[in-house]
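These notes are about the structure you will find just below.
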Amino acid sequence: MLVLVINCGSSSVKYNLIETEQESEVCRGIVERIGAVTSIIKHEPANDTKTKLTKFVANHSDALQEIMNYLLDESNEFIKSPDDIKAVGHRVVHGGEMFKDSVLIDDVVKDAIEQAFDLAPLHNPPNLKGIQAAEERLPNIPHVAVFDTAFHHSLPPHAYLYGIPNRLYRRHKIRRYGFHGTSHYYVSRQFYKLTDIPKNDTKVITCHLGNGASIAAIRGGDSVDTSMGFTPLSGMVMGTRSGDLDPSILFYIIEKEELQLNSLHSMLNRHSGLLGLSGYASDMRDLISEANNGDRRCQQAIDVFCYNIKKYVGSYMATLNGCDAILFTAGIGENSAYIRAKGLENLEGIGIELDKERNENVKPGEITKISTDSSSTEIYVVPTNEELVIAIDAAKIASASNQSPWV
Ligand code: AMP
């Protein structure tokens with residue numbers, strides 16, 4: 001089944017056209033800088049040359065039209081008519097407590113996504129905008145919402161409750177939700193295909209290390225703890241997000257720097273993390289290269305990031321009472337042997353042994369074992385594919401099939 005996957009940001013629309021039976025991507029692309037004088041439109045067909053053009057794209061609806069025009073263009077031969085697309089899968093970041101699974105989008109679902117605006121102010125509003133734009137351009141096919149939070153609905157109360165008055169949970173649903181659910185789900189399922197251990201007995205730690213980063217503990221296929229919390233701001237230090245802080249720091253900063261709440265929000269989300277620590281960059285490649293040139297603050301930012309990996313892995317080893325495998329994924333997790341090695345260094349005492357040579361010879365896009373043969377916990381690099389999870393869920397719901405492609 002041909003499914004269009006849409007992931008909308010405040011000024012961008014990313015898309016993937018996916019053939020779900022073959023689990024293959026036909027084309028992907030992005031419209032960026034929507035509303036700016038010159039927007040950038042990129043298309044990357046799986047079997048053809050990439051294209052990039054600049055033109056004014058006023059809003060998300062026009063961006064969707066640009067994408068459809070490209071897919072319908074006769075010379076590209078992706079689709080002959082919009083009806084060839086059988087479902088649209090939308091990435092929605094925050095599903096609150098309501099959505100434990102992906103759902104067919106109707107007015108009630110759209111209202112609920114809107115109610116979660118406060119929980120994910122950077123993500124849910126553009127996600128809803130994308131849904132509305134896509135419904136306008138593709139009105140006759142099912143639209144499905146796939147939530148980043150859904151996979152973590154299996155967290156037990158002792159992992160999702162914060163130590164604040166319980167009425168705040170009951171009244172405002174303040175609790176840990178967790179994010180990157182489609183990625184943690186996908187990479188754990190890739191491991192189940194490799195191992196002889198029955199799924200119900202498996203214990204894995206998944207490390208999604210990209211510009212946003214989160215780590216999850218997964219027992220028997222279910223997420224039982226994860227580093228991100230009420231919002232995607234907490235947990236590990238990230239590209240520009242602070243990760244965990246002592247909450248008292250916020251009162252202190254407000255007083256000392258005379259900050260307004262919105263400036264504090266922006267500081268913690270956009271100017272903290274690796275960027276804030278290094279004062280140089282949020283991008284790990286830039287940090288590594290500058291640290292190699294002797295920049296002390298860039299090296300410190302990397303050290304904090306790697307120590308975060310070690311702390312969460314160690315903590316989730318305790319949560320799971322040992323684990324079968326640690327899985328690295330996303331931009332940094334898949335591509336940086338240095339960060340993987342530094343994040344797991346000196347953990348032999350708890351049965352985690354990285355094989356230096358295997359770690360340094362990972363081929364891009366391939367699942368690779370990087371632990372030594374004597375390591376009691378296996379370690380793998382597993383390329384993630386969140387869009388495929390979204391496409392397959394959308395196909396499943398659109399065709400009302402109960403068949404799940406993965407264990
Ligand atoms: P993502 O958000 O998953 O696209 O990941 C983006 C992050 O991956 C950025 O910080 C990149 O610098 C980082 N990244 C990509 N390739 C490499 C690499 N070869 N070495 C280190 N970091 C990388």
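The values are calculated or read from the model by the stated rules, or taken from the named source; none is laboratory data. Just so you know, these numbers come straight off a predicted model, no measurement behind them. Because the Cβ atoms are built from the backbone with ideal geometry, glycine has one as well, and the counts that use them run over all protein chains shown. These accessible areas exclude ligands, DNA and RNA; they are computed on the full protein's heavy atoms, side chains included. Shrake-Rupley method; radii C 1.70, N 1.55, O 1.52, S 1.80 Å.
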Alpha-carbon radius of gyration plus Dmax, which is the widest Cα pair, for the range 247-366 in Å: 17.3, 51
Accessible area (Å², per residue) of the chain, counting only protein heavy atoms and a probe of 1.4 Å: 47 Å²
Percent antiparallel among DSSP beta bridges confined to the range 277-407, nearest 5, equals 40 percent
Apportionment of accessible area to carbon and sulfur, the chain, percent (1.4 Å): 47 percent
Taking the Cα atoms of the range 325-368 alone, what are Rg (to one decimal) and Dmax (as a whole number) in Å? 10.3, 31
So how long is each side of the range 11-168 along the principal axes, counting just the alpha-carbon atoms, biggest first, in Å? 60, 39, 27
Summing -39500 (n - 2.57) over every DSSP H run of at least 4 residues in the chain and dividing by its residue count gives a helix-only mean residue ellipticity at 222 nm, to the nearest 500 deg cm²/dmol, of -11000 deg cm²/dmol
Given a cut-off of 29 Å, what percent of all Cα-Cα pairs of the chain lie beyond it? 47 percent
Label the range 66-137 by shape, choosing from rounded, prolate and oblate, from the square roots a ≥ b ≥ c of the eigenvalues of the Cα gyration tensor; if a/c is under 1.5 it is rounded, and otherwise prolate applies when a/b is larger than b/c, oblate when it is not. prolate
Over the range 1-101: Rg over Rh, Cα atoms, Kirkwood Rh: 0.99
With 0.36 nm assigned to each residue of separation and the Cα-Cα distance removed, residue 112 to residue 47 gains 19.5 nm
Length gain on complete extension for the stretch residue 97 to residue 341, per 0.36 nm per residue less the alpha carbon to alpha carbon distance? 84.2 nm
For the range 175-261, which GluC sites (Glu not before Pro) are both in a DSSP coil and crowded by at most 13 other Cβ atoms within 10 Å? 258
Dipole in debye (nearest 20) - the chain, about Cα centre, beta carbon charges: Lys, Arg +1; Asp, Glu -1: 840 debye
Fraction of the pair-distance distribution of the range 315-407 above 20 Å, Cα-Cα pairs, percent: 46 percent
Find the centroid of the Cα atoms in the range 300-315 and in the range 171-185, then give the distance between the two in whole Å. 21 Å
Top mean-square fluctuation among 81, 188, 11, Gaussian network model of the chain, C-alpha springs under 10 Å? 81
In the range 61-166, the GluC sites (Glu not before Pro) that sit in a DSSP loop and have at most 12 other Cβ atoms within 10 Å of their own Cβ are 74, 77
